[in-house]
Amino acid sequence: MNKKLIIGLSAVVIIVIALFTFSGSGNNESVEILTEAQKGEFVIAITTTGELEAKNAIKITGPSGLRAARLWNVKIDKLVDEGTVVEKGDFVASLDASELSDRLRNVENEYQQSLSQYTQTKLDTALTLRQSRDELINLEFAVEEKKLVLEQSQFEPPATIKQAEIDLSKAKRAFKQAKENYLLKKDKAVAQMQEAAAELSEDRDERNFLLELRKKFQITAPEDGMVIYVREYDGSKKSEGASIGAWDPTVATLPDLSTMISTTFVNEVDIRKITKGQHVNIGLDAFPDKKLTGEVIYVANVGEQRPNSDAKVFEVKVEINESDTTLRPAMSTANEIITDIVPEAIYVPLESIFNQGDSIAFVYKKSGLETIKQEVTLGKANANEVIVQEGVDSVKKFI
């Protein structure tokens, strides 16, 4: 009977007995690899890969006025290399100002038209009001003249006196109407000037705003630090030719390297086992001998679809306990998230477990020269071993 090959991966002492197989002349012999059930602390962990990033970082952003300028996406024209160490005020990136320049030319034309309209309105209202004032003066003189005529006609026939009185009344009425018309024209002139001034002010403010905005298309470092690119929605990093949006104009970051976190993603099957505060053992691909520890500080409530993956995953963040100057953003990590620890248990490698149907589990154990099929009751499992609650003890050898 062919027997399954088993490799025991116990953390305790493993006893392995190997019977080598030789093939030839139509004879096949199988190899048996035996291991002992182990007793002791049983650790259940979920292993994931992650990427380092700073827990705290200063954002390097483009202009905050893109929305006001109705510039929804602006391309990055130039960008310093990632990892460049900069000082406050150093050049980091420049943005493509072609669309802004087109907008500025249009606004400049509108401003010049508003300025011309304002000047024309000012001249027109001044001329109109001057004419109205001259007319008032002339009508006032006319009233005085009619008064003199009336005074001089006191010894004239009644008809002549009556005509003089009528002429004076007409002159006064004309003066009064002209004065009222002047006040209306003045109010109208004031309203026209206010309208022209408001339009000019609006165009001038927009022009000045765009001129100031163009200066901010040269992006500098807000503080000292190392430039790290931010990621796009698809996971790729921003680079020259990429765009920043009006709602999120971040170009890069200056991370605080004193406190790092490892961002990882756990599949929807295992996420229910992850909670805040769990201990994590962390390894670095760049430094295989370096061992770090951490703690789960964030577990996403909503899953997401990662690029090139059909399964839903949940974001998990692990804060690293140690502060190490060799740690850099974007380094790959191997995270072992400890989800449970059984202080005392008997456990065997997963490869030692066989199944009959859907519910019956068993192992093959050695009894002298014989192999015995032993039914077992299983408990919790990790990636390599499973707890045996009933059926074996820690000194039996299994195939």
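The values are calculated or read from the model by the stated rules, or taken from the named source; none is laboratory data. Bear in mind that the values here come from a model prediction, so they are computed numbers and not experimental data. Methodologically, a virtual Cβ is constructed for each residue, glycine included, from the backbone with ideal geometry; neighbour enumeration extends over all protein chains shown. Keep in mind that these areas ignore ligands, DNA and RNA; they rest on the heavy atoms of the full protein, side chains included. Shrake-Rupley method; radii C 1.70, N 1.55, O 1.52, S 1.80 Å.
Could you give each residue of the range 59-75 its phi-based ³J(HN,Hα) in whole Hz, using Karplus coefficients 6.51, -1.76, 1.60 with θ = phi - 60°, and x for Gly or Pro?
In residue order, the calculated couplings are 7, 9, 10, x, x, 7, x, 5, 5, 5, 8, 6, 10, 7, 9, 10, 6 Hz.
Tally Lys and Arg at +1 and Asp and Glu at -1 over the other residues with C-beta under 11 Å from the C-beta of ARG133: what net charge comes out?
+1
How big is the gap, in Å, between the Cα center of the range 304-356 and the Cα center of the range 147-186?
Each part's Cα centre sits 106 Å from the other's.
At 0.36 nm per residue, minus the direct Cα-Cα distance, what do ALA330 and THR47 gain on full extension? Give it in nm, one decimal, please.
Extra length available between ALA330 and THR47 comes to 100.0 nm.
Using alpha carbons only, how many degrees (0 to 90, rounded to 10) separate the axis of helix 98-152 from the longest principal axis of the chain?
Orientation of helix 98-152: about 20 degrees from the principal axis.
Divide the volume of the convex hull of the Cα atoms of the chain by its number of residues and quote the answer in cubic angstrom per residue.
Spread over its residues, the Cα hull of the chain gives 285 Å³ apiece.
Report the full-extension gain for the segment ILE161 to GLU202: residue separation times 0.36 nm, less the Cα-Cα distance, to one decimal in nm.
Separation in residues times 0.36 nm, less the Cα-Cα distance, equals 8.6 nm.
Mind checking which of ALA68, ALA164, GLN131 is farthest towards the positive end of the chain's charge dipole, using Cβ charges of +1 (Lys, Arg) and -1 (Asp, Glu) about the Cα centre?
Projecting each Cα onto the dipole axis, the largest value belongs to ALA164.
Dipole magnitude of the range 194-239 about its Cα centre, charges +1 at Lys/Arg Cβ and -1 at Asp/Glu Cβ only, in debye to the nearest 20?
About 420 debye.
Hey, what's the range 142-204 come to in accessible area per residue, 1.4 Å probe, Å²?
On a per-residue basis, the range 142-204 sits at 74 Å².
As I understand it, the value is the acute angle between the Cα axis of helix 158-215 and the longest principal axis of the Cα atoms of the chain; what does it come to in degrees, rounded to 10?
20
For the range 90-134, what does the accessible surface come to per residue with a 1.4 Å probe? Please give it in Å².
61
Sequence-distant or interchain residues sharing an amide H contact under 5 Å with MET331, placed H: which?
Counting only residues 5 or more places away or on other chains, the set is LEU52.
Give the relative contact order (percent, whole number) for the range 240-344; include only Cα pairs under 8 Å separated by 6+ residues.
After rounding, I find 33 percent.
Semi-axes of the equivalent ellipsoid of the range 79-179: what are they in whole Å, largest first, if each equals the square root of 5 times a C-alpha gyration tensor eigenvalue?
Taking √(5λ) for each Cα gyration eigenvalue gives 76, 12, 8 Å.
Would you please name the chymotrypsin sites (Phe, Trp or Tyr not before Pro) within the range 89-195 that are DSSP coil residues with at most 10 other C-beta atoms within 10 Å of their C-beta?
Taking the range 89-195 and a limit of 10 other Cβ atoms within 10 Å, the loop chymotrypsin sites (Phe, Trp or Tyr not before Pro) found are PHE155.
Measure off 7 Å from each Cα along the Cα-to-Cβ vector at ASN281 and GLN152, then give the distance between these two points in nanometres to one decimal.
12.5
Before anything else, pin down the relative contact order of the range 40-121: Cα pairs under 8 Å, at least 6 apart, normalised by residue count, whole percent.
21
Which of GLY245, GLN113, VAL149 sits farthest toward the positive end of the charge dipole of the chain, with +1 on the Cβ of Lys and Arg and -1 on the Cβ of Asp and Glu?
VAL149
What three numbers, in Å, describe the spread of the alpha carbons of the range 255-340 along their principal axes, ordered from the longest?
35, 30, 24
Percent of accessible area on the chain owned by carbon and sulfur, 1.4 Å probe?
C and S fraction of accessible area: 50 percent.
Which ³J(HN,Hα) values in Hz, rounded to whole numbers, follow from the phi angles of the range 370-380 under the Karplus curve 6.51 cos²θ - 1.76 cosθ + 1.60, where θ = phi - 60° and Gly and Pro get x?
After applying 6.51 cos²θ - 1.76 cosθ + 1.60, I find 9, 10, 10, 8, 10, 6, 9, 10, 9, x, 5 Hz.
What distance in nm lies between label points placed 7 Å from Cα along the C-beta direction at LYS59 and LYS172?
Result for the modelled spin labels: 7.5 nm.
Taking the Cβ-Cβ separation of LEU136 and ARG70 as r and a Förster radius of 51 Å, what is the calculated FRET efficiency to the nearest 0.05?
0.55
How large is ³J(HN,Hα), in whole Hz, for each residue of the range 332-343 in order, when computed from phi with the Karplus curve 6.51 cos²θ - 1.76 cosθ + 1.60 and θ = phi - 60°, using x for Gly and Pro?
Karplus-based 3J(HN,Hα) across the range 332-343 equals 7, 10, 10, 9, 10, 8, 7, 9, 6, 9, 9, x Hz.
Tell me the relative contact order for the chain as a rounded percent, counting alpha carbon contacts under 8 Å between residues six or more apart.
28
Please identify the longest segment of the chain free of exposed GluC sites (Glu not before Pro), where exposed means a DSSP state other than H, G, I, E or B and no more than 13 other Cβ atoms within 10 Å.
Longest run free of exposed loop sites: 88-222.
Of ILE166, ILE44, ILE76, which is the most mobile in a GNM of the chain whose springs link Cα atoms less than 10 angstrom apart?
Top of the fluctuation ranking is ILE166.
Could you list which residues have their amide H under 5 Å from that of LYS312, counting only those 5 or more apart in sequence or on another chain, with H placed in the peptide plane?
GLU268
Between the range 32-99 and the range 227-295, what is the separation of their alpha carbon centroids in Å?
Each part reduced to its Cα centre gives a spacing of 6 Å.
Is there a pair in LYS147/LYS179; LYS146/LYS176; LYS39/LYS366; LYS78/LYS312; LYS55/LYS273 whose C-alpha atoms are over 26 Å apart, and which pairs would that be?
LYS78/LYS312
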